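Each remark here refers to the structure printed beneath this line.
A short reminder: the numbers here are calculations on the coordinates, not readings from a lab. These numbers were taken from a predicted model, which means no experiment stands behind them. Note: ideal-geometry Cβ built from the backbone for every residue, glycine included; neighbour counts use all protein chains shown.
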Amino acid sequence: MMPAKSRPIWDLAPMLIAFVVAIILLFVGKAAQVVIISLLLAYILDPVVTALESRGVPRGLATLLVLLFLGTTIAVLAILLVPVIIHQVRALQSGATTQVAAKAIETIQQSLRERLSFLGLGSLDLGAKIEEFKRTIGEKVFEFLVKDSLELVISVVTIPFMMFFFLKDGRDLKKRVVSMVPNRYFEFTLDLLYKMDVQLGNYLRGQFVDALTFGVLSIIALWILGVNYFVFLGAFAGLANLIPYVGPIAGMVPAAIVAVLNSGSLGSAVAVIIAFAILKLVDDFVVQPLVVASSVEMHPVLVLVAIMIGGELFGILGMLLAVPVAGFFKVVLKEGVNTYRKYRFS
Amino acid sequence: MTDFRARVFGYHRKAHEDEDLQTVLEKIPIFQDLSKRELAAVVRVLHRREYVPDELIIRQDEPGLGMYIIQKGKAVVVTEPDNIQLSELSDGDFFGEVSLLDETPRSASVIARSHCTIFGFFQSDLFSLIERDPRFGVKIVVRVAKIIGDRLRKANQQMQALTEDLQRARGSQTRADRP
């Protein structure tokens, strides 16, 4: 075996590729989002289609069956949940001005003004801030559900369409790409693609299962604690959990605020915080070790930078996609360098 | 309509090529237990590569990812760095089949001697076939294991013969050294 050679330019190549892709994404924006989401979902669902295929179902039919099942499930959930979410958001917008809630807000505001005046909170108007939060969250949800409905319909059509072809013809597409690589780099490319496929597949499926589990557990916990809008808040916590470090807190804060507004006592917020802390411990020590691949561990600074760039480019969706995309480039970089060192290109 | 599509997309040519390739595969021990349908599935995952004379196909000490089947052309197996030619390969020959199970570095290089059309069948393709249809994948694995077993048996026999030769040579040397 030849000794590993140090090639700084090559080592930087994946970073350059990442930079170029980021620039392209910035310009093609929405289309790139749809392609990335379709690719990620196809990746997550690939083992299900393959499992059906191993039972003798042709791949095209297996893909169709999986997408039909998924589409039906989402449609049923949408029919059941969208009216509930709209009702809960409307209630959140208008229903928090009970006397108990107003008293609780007044108490917290007074306490903050007295104790944290050195931080410039002497003239804090918590009521106005909460009104602002309620108004903006309502606007965002309605914007997503109603105003952006055309975009939503286009995505609902294009994403499954792309997913169908990625799932059905993914292997052929990969083979076509590999066939364009020059002979000398052909085995290297194949080796790299295979290793990336294994690592990324495990990572993305792990993240998906983890978010789903955290979301369901959050909904159950909030329902037990009697917090209003538990479906909306729990689903949001599950999604937010995809974002490391800041995600769990971002998922917990709205639930804690709603709990205070509901009951008028800080005790209920403390209960929500404790419940989320327990859920996070369960997630970190039970769920994640079981479902999330440890091979795509990323440095906290890299994660935070990725989240900031994702948020800057594509908003909340960008923040959600930032970590899997950063994971993709981490795997490309790691496996690219490791695999390259096994070959003697000269 | 079919004629038009065949002319535009070259369906007939592709089908004809696939049949030719299936005939080549049928003669390779690894694929001998497979049905026509299974052979067609193998053909679908193969990677077709074209090599010009003196082009490197695989290089000694690089990771072994799978096997290659020569459909047309000539190639030689050489060891580096002394460039000793171990054997010559031509139409229907194959090499690197052990790499289907074991990703150890290649033990020799293979270089094209004429224009070659070669098909690659790799470990990742085999694993994918096993995942999709375990019974089918296992047929190939069992065949590869048999080939490795045969080679081990032959290597043992050769080693035994060499040991006997060595002992005989030592015996005759001892006799010759006696005063």
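Brief remarks on what is shown
- Rel. contact order, % - alpha carbon contacts under 8 angstrom, at least six apart, the range B:2-177: 24 percent
- Residue-averaged beta-carbon neighbours from other chains (10 angstrom radius) around A:183-192: 5
- Qualifying trypsin sites (Lys or Arg not before Pro) in the range A:274-346, DSSP loop, other Cβ atoms within 10 Å at most 15: A:R344
- Across the range A:208-346, the relative contact order, built from alpha-carbon pairs under 8 Å that are at least six residues apart, equals 19 percent.
- Sites B:N83 and A:D125 - FRET efficiency at Förster radius 60 Å, r taken between beta-carbons, to 0.05: 0.10
- Taking the C-alpha atoms only, the angle from helix B:11-26 to the longest principal axis of chain B is near 20 degrees.
- The phi torsions of the range B:111-118, fed into the Karplus equation with coefficients 6.51, -1.76 and 1.60 and a -60° offset, translate into couplings of 10, 5, 9, 9, 5, 10, 10, 10 Hz, rounded to whole numbers, with Gly and Pro shown as x.
- Amide H contacts of B:Q71: B:G92, B:T117, B:I118, B:F119, each under 5 Å away and 5 or more positions distant or on a separate chain (H built 1.01 Å from N in the peptide plane; Pro and chain starts excluded).
- Shielding by partners for peptide B:40-46, expressed as the average number of C-beta atoms from other protein chains within 10 Å of each residue's C-beta, is 1.
- Angle between chain B longest axis and helix B:134-177 axis [Cα atoms, degrees, rounded to 10]: 20 degrees
- Phi-based couplings in Hz for the range A:50-64 (Karplus 6.51, -1.76, 1.60; Gly and Pro marked x): 5, 4, 5, 4, 5, 9, x, 7, x, 4, x, 5, 4, 4, 4
- Other protein chain C-beta atoms within 10 Å of residue C-beta, averaged over B:58-67: 4.
- Against chain B, whose longest principal axis is taken from its Cα atoms, helix B:36-45 shows a tilt of about 90°.
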